[in-house]
Amino acid sequence: MDNSEKSALPIKRAPQQQRALDRIDAILAATEVVVAEGGYEDLTMVKIAARAGITHSSIYHYFSSVEAILAELISRLMAEFDRSTADILARAQTPEALIEAALQTIELGFQTYRSTPVIRGLWAATRYLPTLRKIDDEDTARNARLFSDRFMALAPDTDENAIYVSMRMAATLCVPAYEAALSLPVSLHNQAINDFLAMVHSRLYAVVVMPSSKQGE
């Protein structure tokens, strides 16, 4: 990445005209392709502009740096995944169903991570780029809180701190688990993720279901 670029900032100005909106979409689409092909490490404005068919100087009308482009891109991709998560969450009407919803979300995340090179490239970038790391941390905390609040609504006797910590740990460990699974032979990918899902299930069951079962005895 070009080290001379400024620190990442949000989109410089909120576009009002359709042409500007289309230009931003083209910049982000070009960035997706470049990251998918070669990772984020040598990503530059020049490469993005060449892929988008525009001059690199025109990108600065909307983004202050490559990191700012990546921040907008990862925010959009996270928002799309979060909408899928919310749909899964809304269908769960019992604590047991909510545990299954959490596992389904993790499984969906793995399938997306495995099949989408740009996702893998962006998450690699979160290790090194502060802006992306902050976005990732905030999204992880938000989803953990979303699930823990839903657990509390369905199982009010659940230890609130315990379920939040469990969901936060599960969400934080997802990408390392995905990477560990993908480092194995292809034939073992699903087994590895199933093992991770079993660990998460065991913990959530212990925190949410078992206390309620004991109270009913």
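At a glance:
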| read-out | value |
| --- | --- |
| Hey, T172 in contact with a helix residue (DSSP H, G or I) (Cβ under 9 Å, 6 or more places away or on another chain) and either without any contact (Cβ under 8 Å) to a residue 40 or more places away in the chain or more than 26 Å from I69 (Cβ to Cβ) (or both) or not | yes |
| Meets criteria (modelled with pLDDT of 90 or more, closer than 24 Å to I119 by Cβ and among the small types (G, A, S)) for A8 | no |
| Qualifying residue in the range 148-158 (condition: within 14 Å of the chain's Cα centre (by Cα), assigned to a helix (DSSP H, G or I), among the hydroxyl-bearing types (S, T, Y) and within 18 Å of S202 (Cα to Cα)) | no |
| Residue match in the range 73-81 (condition: without any contact (Cβ under 8 Å) to a residue 24 or more places away in the chain, within 23 Å of A206 (Cα to Cα) and small (G, A, S)) | no |
| Flag if S187 is more than 28 Å from P117 (Cβ to Cβ), over 19 Å from the mean Cα position of the chain (by Cα) and in a helix (DSSP H, G or I) | no |
| The one condition in (1) surrounded by fewer than 14 Cβ atoms within 10 Å (Cβ to Cβ); (2) part of a helix (DSSP H, G or I); (3) of a type outside the set (S, T, N, Q); (4) touching a Phe, Trp or Tyr at 6+ places or on another chain (Cβ under 9 Å) that G121 fails to fulfil | (1) |
| Some residue of the range 89-102 being farther than 20 Å from I163 by Cα and surrounded by 14 or more Cβ atoms within 10 Å (Cβ to Cβ) | no |
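The values are calculated or read from the model by the stated rules, or taken from the named source; none is laboratory data. As the structure is a computational prediction, the values presented were derived from the model and not from experiment. All Cβ positions, even for glycine, are placed from backbone atoms using ideal geometry, and neighbour counts span all protein chains on display.
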